[in-house]
Amino acid sequence: MRTAAMLRAAGAGAGDEVVVPAFGNAEVAEAVVQAGATPVFADIDGSTYCLDAAEVNAVVGPRTAAVVVVHRFGRPADMTGLWEVGQRHGLLVLEQGESETPYGELDERRAQAAFLDRRLRGVRTPESGAGHTYQQYVVRVPGNGRPDRDAFARAVRSRGVDCRVPVKTPVHRIPLFRRDVCLPETERAADETLALPVGGLSSKREMQRMVSACNALGGLLQPAF
C-alpha cells in the first residue's frame, strides 16, 4: 500500500504513533499497522468529514510521528490548519485523496448538487466549500433517539432512489482497531450521513423524482435543527 510505503520511507515504524481518521474504511489504519506503527484516532470536522486540526493537535503525544489526512466525498480537508499542526510538532503530514472526478463530469456533479441544495427539505444538505467536487452528495438525516437515517434510507430506496450509507461503522468501533476514545463528530456522522446519487443521473425528471421521494419523508425527521 502506498501510504504504508511512504510512512516507512519517512522513518515511521515500531514504537511510533500515526494520527488517522476513524470516519471511513479501515484502509488507512491498516497501512499504519503495515508500516509497523500504531494508529491513533482523532475526530473530524462535522462539515468536511475530514480530520479537524484542533482535534489532531489534542491527540499528538511524544510518540506521534505522522498524520494521514483523507479528503472525503470530494471536499478537501483544512490542509493549512493540519500543516500548521505538523510544523508545530515536527510531524510528517500525508494526504490521501479520492479518485479524481473527470473534468467533463465535474460541472454536471456541481450542477446536480446545486439543484438538490435548492430543493431538498427535511435533510441537512452538504456545505459547498471551496473546491468541492461532490464525489458523493452526502446529506444528514438527524436522529432523535431512533435510527431515523436508516428508516429514511429504506423508505427512499423503496421509491427507487439508489442511496447508501457512506460509513456504516467507524474504524475505532471495528474489533481489530477498537479504542475507548471520544469522537463525537465521527459518531454523529456515522449515524446520520446518507449519500444520494449525483453524476450519473440522465435527466432532471430523475433528479426531481429523487427530491420528491426525499421530501415526502419529512415526517421521519426531527423538525428542529
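Helix-only arithmetic for the chain: the sum of -39500 (n - 2.57) across DSSP H runs with n ≥ 4, divided by the residue total, places the mean residue ellipticity at 222 nm at -11000 deg cm²/dmol. In terms of accessible area, using a 1.4 Å probe and ignoring ligands and nucleic acids, 78, 180, 43, 52 rank largest first as 180, 78, 52, 43. Checking [x] 0.92; [y] 1.00; [z] 1.14 against the coordinates, the calculated Rg/Rh (Cα atoms, Kirkwood Rh) falls under label [y]. Mind running the shape call on the range 3-121? Use the C-alpha gyration tensor, a ≥ b ≥ c as the square roots of the eigenvalues: rounded below 1.5 for a/c, prolate if a/b tops b/c, oblate otherwise. Prolate, since a/c reaches 1.5 and a/b exceeds b/c. Each residue of the range 189-199 was assigned a 3J(HN,Hα) from its phi angle through the Karplus curve 6.51 cos²θ - 1.76 cosθ + 1.60 (θ = phi - 60°); the sequence is 5, 5, 7, 10, 7, 8, 9, 9, x, 9, x Hz, with glycine and proline shown as x.
What is the distance in Å between the Cα centres of the range 84-111 and the range 1-51? Distance between centres, Cα-based: 16 Å.
If you take every DSSP beta bridge whose two residues both sit in the chain, what share of them, in percent to the nearest 5, is antiparallel? Walk me through the numbers on the way to the answer.
Numbers: 8 of 21 bridges.
Percent antiparallel among DSSP bridges in the chain is about 40.
Working from label points 7 Å from Cα in the Cα-to-Cβ sense, the residue 185 to residue 105 distance is 2.8 nm. For the pair residue 205 and residue 157, what calculated FRET efficiency results from E = 1/(1 + (r/R0)^6), where r is the Cβ-Cβ distance and R0 = 25 Å, to the nearest 0.05? The calculated FRET efficiency here is 0.85. Here's the picture: charge each Lys and Arg Cβ at +1 and each Asp and Glu Cβ at -1 in the chain, and of 94, 212, 169 the one pushed furthest to the positive end of that dipole is 212. When 89, 71, 172 are compared by accessible area at a 1.4 angstrom probe, the order from most to least is 89, 71, 172. Database remark: amide H of residue 64 closer than 5 angstrom to the amide H of 17 (H placed geometrically; neighbours at sequence offset of 5 or more, or on other chains; Pro and chain starts carry no H). Between residue 114 and residue 63, the simple label model (points 7 Å from Cα in the Cβ direction) yields a spacing of 5.0 nm. In the context of the full set of protein chains, the chain has a per residue accessible area of 48 Å² (1.4 Å probe).
The accessible area of residue 164, taken with all protein chains in place and a 1.4 Å probe, comes to roughly 120 Å².
The values are calculated or read from the model by the stated rules, or taken from the named source; none is laboratory data. Quick caveat, the model's predicted, so the values are computed rather than measured. Cβ atoms come from the backbone with ideal geometry, glycine included; neighbour counts cover every protein chain shown. Please note that ligands, DNA and RNA were not included when accessible areas were found on the heavy atoms of the full protein model with its side chains. Shrake-Rupley method; radii C 1.70, N 1.55, O 1.52, S 1.80 Å.
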